[in-house]
Amino acid sequence: MKKFIFTLTFILFTITLFGKTQVIAHRGYWQQEGSAKNSISSLKNAQDIGVYGSELDVQITSDGIPVVNHDDSIQGLDISNTSFRELKQVKLENGETIPTLKAYLIQGKKNTDTKLIIEIKNKKEPELEKRTVQSVVDLVSKFNMEKNVEYISFSMNICKELKLASPNTPIAYLAYKEYVLSPEELKEIGLSGLDYHYSIILQHPEFIEKAKSLGLSVNVWTVNDSQTIQEMIDMNVDYITTDEPKKTMEYLKPHLQVR
């Protein structure tokens, strides 16, 4: 009897969780003492608090090493025109060396409950985008992390290259004010989801229901203030990308109670 009650409770809990909003830490959980955006410590922090995913930004060096950094330059160095040997002299705000994607994958493998949400940044030339995609996908494959990563990009060219290189991995299209595509258009292209600034979803709330009816995921970014966090939860988006992952998780607690 006790086993039956436990099983029933577990099933109800699983059903309750299914379809509920989950949290992605934007550039990791960096708002901790001793951490920095896109650092290894920010990934560890995100893993420690148990978020669904930790977002990171990937650039590529002149010698083909994928590194984690938001902008295409750091401390005056253009990453795509700088070797990793030069780049590794650069320190982040917390004193860490600029991390490689390899280092991220090594840490990610230690706790695969938190997915790596890999944003491949736009490049100046399509050929550089293609080489970056292939380098990233090859490295993820080498570490057998295909099931533990998801890809996002503002570049539709990158999204299409990812679809060719890693067809079974979730790939979502990023958009802000321009180049917004409807769920129907994304489905036609063959992507798995949309990853839009929350203002777009507020303007087009119909995107949520339409996306879900097409089997697409809905992620919103970067949601930090309490009112918008609650709005996005109430609208039942799939993921909230935020600089405030712990706060967002607190707002989600009432939604995770077994009824």
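Scan the stretch 238-251 and report the pairs whose first residue is β-branched (Val, Ile, Thr) and modelled with pLDDT of 95 or more and whose second residue is in a helix (DSSP H, G or I) and crowded, with 22+ Cβ neighbours inside 10 Å, with Cβ atoms within less than 6 Å and a gap of 6+ or a chain change. Here the result reads Ile240/Met232; Ile240/Thr248; Thr242/Thr248; Thr248/Ile229, each pair linking the stretch 238-251 to a residue that is in a helix (DSSP H, G or I) and crowded, with 22+ Cβ neighbours inside 10 Å. Taking the stated definitions as given, is Gly76 surrounded by 20 or more Cβ atoms within 10 Å (Cβ to Cβ) and either free of Cβ contacts under 8 Å to residues at least 24 places away in the same chain or under 30 Å from Ile208 (Cα atoms) (or both)? No; evaluated as a whole, the condition is false for this residue.
In the set (1) farther than 20 Å from Ile60 by Cα; (2) among the basic types (Lys, Arg); (3) not in a loop (DSSP other than H, G, I, E, B), the condition left unmet by Lys177 is number (3).
Here is a yes/no grid of residues against (1) among the basic types (Lys, Arg); (2) closer than 19 Å to Thr114 by Cα; (3) part of a helix (DSSP H, G or I):
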site	(1), (2), (3)
Thr132	no, no, yes
Ser135	no, no, yes
Val140	no, yes, yes
Asn144	no, yes, no
Lys147	yes, yes, yes
Ile152	no, yes, no
Ile158	no, no, yes
Thr169	no, yes, no
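The C-beta contact set for the stretch 182-211 (first residue under 18 Å from Pro170 (Cα atoms), second residue surrounded by 22 or more Cβ atoms within 10 Å (Cβ to Cβ) and among the hydroxyl-bearing types (Ser, Thr, Tyr), distance under 6 angstrom, 6+ apart or interchain) comprises Leu186/Tyr173; Leu191/Tyr173; Leu194/Tyr173. Restricting the stretch 167-180 to residues that are over 19 Å from the mean Cα position of the chain (by Cα) and within 13 Å of Ser155 (Cβ to Cβ) leaves a set whose member that is surrounded by the most Cβ atoms within 10 Å (Cβ to Cβ) is Tyr179. Filtered by the rule that a residue be buried (at least 19 other Cβ atoms within 10 Å of the Cβ) and part of a helix (DSSP H, G or I), the stretch 190-201 gives Tyr198, Ile201. Residues that are under 19 Å from Ser135 (Cα atoms) and of a type in the set (Gly, Ala, Ser) number at least 2 in the following helices (runs of 4 or more DSSP H) confined to the stretch 25-123: 101-110. Apart from one condition, Lys187 fits all of (1) outside any helix (DSSP H, G or I); (2) buried (at least 17 other Cβ atoms within 10 Å of the Cβ); the exception is (1).
The set of residues in the stretch 42-70 that are more than 26 Å from Asp238 (Cα to Cα) and in contact (Cβ under 8 Å) with a residue 24 or more places away in the chain comprises Gln59, Ile60, Thr61, Gly64, Ile65, Pro66, Val67.
The values are calculated or read from the model by the stated rules, or taken from the named source; none is laboratory data. Please read all numbers here as calculations on a predicted model, not as lab measurements. Note that each Cβ is placed from the backbone with ideal geometry, even for glycine, and that neighbours are counted across all protein chains shown.
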